[in-house]
1. Within the stretch 88-109, take every residue that is in contact with a strand residue (DSSP E or B) (Cβ under 8 Å, 6 or more places away or on another chain) and part of a loop (DSSP other than H, G, I, E, B) and give me the one that is farthest from the ligand (Cβ to nearest atom).
2. Please go through the stretch 162-214 and give me each residue that is away from the ligand (no atom under 16 Å from the Cβ), under 18 Å from residue 239 (Cβ atoms) and either out of contact with any helix residue (DSSP H, G or I) (no Cβ under 9 Å at 6 or more places or on another chain) or in a helix (DSSP H, G or I) (or both), ordered by number.
3. Could you list all residues from the stretch 136-161 that are within 16 Å of the ligand (Cβ to nearest atom) and not in a helix (DSSP H, G or I)?
4. Report those helices (runs of 4 or more DSSP H) wholly inside the stretch 220-322 carrying at least 2 residues which are surrounded by 15 or more Cβ atoms within 10 Å (Cβ to Cβ).
5. What's the number of the only condition in (1) under 22 Å from residue 17 (Cβ atoms); (2) touching a strand residue (DSSP E or B) at 6+ places or on another chain (Cβ under 8 Å) that residue 246 fails to meet?
6. Where residues in the stretch 152-162 are touching a strand residue (DSSP E or B) at 6+ places or on another chain (Cβ under 6 Å) and closer than 16 Å to residue 244 by Cβ, which of them is surrounded by the fewest Cβ atoms within 10 Å (Cβ to Cβ)?
7. If the Cβ limit is 6 Å and pairs must be 6+ apart or interchain, which residue in the stretch 40-59 that is farther than 24 Å from residue 27 by Cβ pairs with which residue that is near the ligand (Cβ under 8 Å from one of its atoms) and at pLDDT 95 or above?
8. Kindly provide the set of residues from the stretch 120-136 that are surrounded by fewer than 18 Cβ atoms within 10 Å (Cβ to Cβ) and over 18 Å from residue 60 (Cα atoms), ordered by number.
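The values are calculated or read from the model by the stated rules, or taken from the named source; none is laboratory data. Computed from a predicted model, the values in this text were never measured in an experiment. Backbone-built Cβ (ideal geometry, glycine too); neighbour counts: all protein chains shown.
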Ligand code: FO1
């Protein structure tokens, strides 16, 4: 029996679905592969925002309002930093700082990001494997009218305002899947691949462009289903719809399915996009229409359950027809 689920995940939105999946699946039945294209070196620290967002969300330490960082956070470090006139556009909370300091120390000592991530997530009480996509640095860079911009500069400092004409992933060509991801791609018991509701360009593509990952996922022969981060023609959070428009596609779930270009067998969409269900079928992508907005834990669990049931429905006959 195929039983293992691979979830590809970015930050805030993706982590909510990952939380739902962890509440439905045992640790041996789920691996969460996380985008590291957002990682950067800031104030001498190695920051891995999506890994930390997933870690805090799964351990219930996340600030649910902000989506990133820890709840019950204090900001003394930032206040002291600002008072020194230092760079203060990226907010590192006092408690959150511990993650970055410890990760930086261990990376500097030569340890791979995946081992550090395994230890830090275990220390937070997370039983499910949380796996960086690669141990080599991959950095998402946006081409804007003002020049190339590192991801966090665009996202946080510039608040996604610059118009983007291209997205690239520096280092990707030389990166390898992390050992745990490589091992997943060699397994024979993968029941489904789930693309969490994360930005396709900024969170999922950086994972897919690591050499061998996209082809490796398709070669598993398992259904690949995504949960749309687009509701109607807007992104639930972040710049996905704005980016689509700037890159010349009409924001929506059709563009999302087309963007993945033959990767998806199924797509969970919101009622707001129900009118696109037939067009998705015509693209060879089976739609599942539901309430795709996750307000509370019940929504996270329900959406995770619906996503897994779409994948289970797709498991045999539909794949044979493709
Ligand atoms: N996002 C912000 O909008 N502003 C911040 O100051 C900020 C700080 C931050 C610190 C640690 C961390 O793990 C995440 C942080 N994020 C912040 C979120 C992060 O920039 C983005 O959510 C992701 O990179 C996009 O998925």
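1. Looking at the filtered set, the residue picked out is 95.
2. Correct list: 166, 168.
3. Going through the stretch 136-161, the residues within 16 Å of the ligand (Cβ to nearest atom) turn out to be 137-142, 149-161.
Matches in the stretch 136-161: 137, 138, 139, 140, 141, 142, 149, 150, 158, 159, 160, 161.
4. 240-246, 253-260, 277-282, 297-314
5. If we test residue 246 against (1) under 22 Å from residue 17 (Cβ atoms); (2) touching a strand residue (DSSP E or B) at 6+ places or on another chain (Cβ under 8 Å), just (1) comes out false.
6. Of everything passing the filter in the stretch 152-162, 162 is surrounded by the fewest Cβ atoms within 10 Å (Cβ to Cβ).
7. Every condition considered, the pairs that remain are 40/47; 40/152; 42/90; 45/100; 47/100.
8. Quick first cut of the stretch 120-136, residues surrounded by fewer than 18 Cβ atoms within 10 Å (Cβ to Cβ) only: 122-125, 127, 136.
136 - this is the single residue of the stretch 120-136 that is surrounded by fewer than 18 Cβ atoms within 10 Å (Cβ to Cβ) and over 18 Å from residue 60 (Cα atoms).
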